[in-house]
Amino acid sequence: MAIKVGDKIPNVKLQTIRDGSIASVWTEDFFKGKKVVLFAVPGAFTSVCSDHHLPGFIELSDHLKSRGADLVACTAVNDLDVLKAWFKDQKVGDKVVPLADGSGDFARAMGLELDARNYGMGVRSQRYAAVIEDGVLKALNIDEPGEVARSGASSILQSL
């Protein structure tokens with residue numbers, strides 16, 4: 001069952017970058033005391049994610065922060081090296097924090113898995129955007145595969 005607004009985010013270990021180095025982080029610690037705009041993509045370097053989803057968050061990152069977000073983060077069922085390479089390719093800089101969910105544990109715990117085996121991608125995360133405040137889900141916009149309508153940066157901005 002998918003997580004619902006008002007629910008606490010499940011505590012799962014992810015990988016990110018801290019002070020230029022790879023670091024493991026528990027979601028409970030990552031979201032504690034912060035308002036975070038989190039968006040999930042089915043896969044780094046995929047066309048819809050690269051051409052439509054991530055660019056909107058890069059472009060609106062400062063605006064999201066001016067509306068109350070402490071940070072903007074992206075999760076994907078990819079390893080951190082893939083997310084780092086994708087962020088470098090997309091010129092993300094410090095606009096978005098990578099949260100690698102290499103085994104899909106976070107997507108599964110959130111109830112937001114996407115069975116993309118028919119597309120040769122295995123099990124991934126659904127495309128979504130969320131507002132998480134102090135570890136509690138405050139808004140959740142989920143898209144259908146191949147779409148970036150509800151989960152785009154401009155849409156989740158309205159939830160801040």
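Couple of notes before you dig in:
- Just so you know, in the range 62-88 the residues that are touching a residue at least 60 places away in the same chain (Cβ under 8 Å) and in a helix (DSSP H, G or I) include one that is nearest to Val25 (Cα to Cα), and it is Leu80.
- Flag: Leu54 does not match the condition of being farther than 30 Å from Tyr119 by Cα, assigned to a helix (DSSP H, G or I) and not basic (Lys, Arg).
- Selection over the range 5-37 of residues that are surrounded by 14 or more Cβ atoms within 10 Å (Cβ to Cβ), out of contact with any strand residue (DSSP E or B) (no Cβ under 6 Å at 6 or more places or on another chain) and not β-branched (Val, Ile, Thr) gives a count of 4.
- Applying the condition of being among the aromatic types (Phe, Trp, Tyr) and surrounded by 21 or more Cβ atoms within 10 Å (Cβ to Cβ) to the range 89-130 and asking which residue is nearest to Ala73 (Cα to Cα) yields Tyr128.
- Set Asp105, Asp143, Asp115: member being farther than 18 Å from Phe45 by Cβ and at pLDDT 95 or above: Asp105
The values are calculated or read from the model by the stated rules, or taken from the named source; none is laboratory data. This structure is a prediction, so every number in the text was calculated from the model and none was measured. For neighbour counting, all protein chains shown are included, and Cβ atoms are generated from backbone atoms with ideal geometry for every residue, glycine included.
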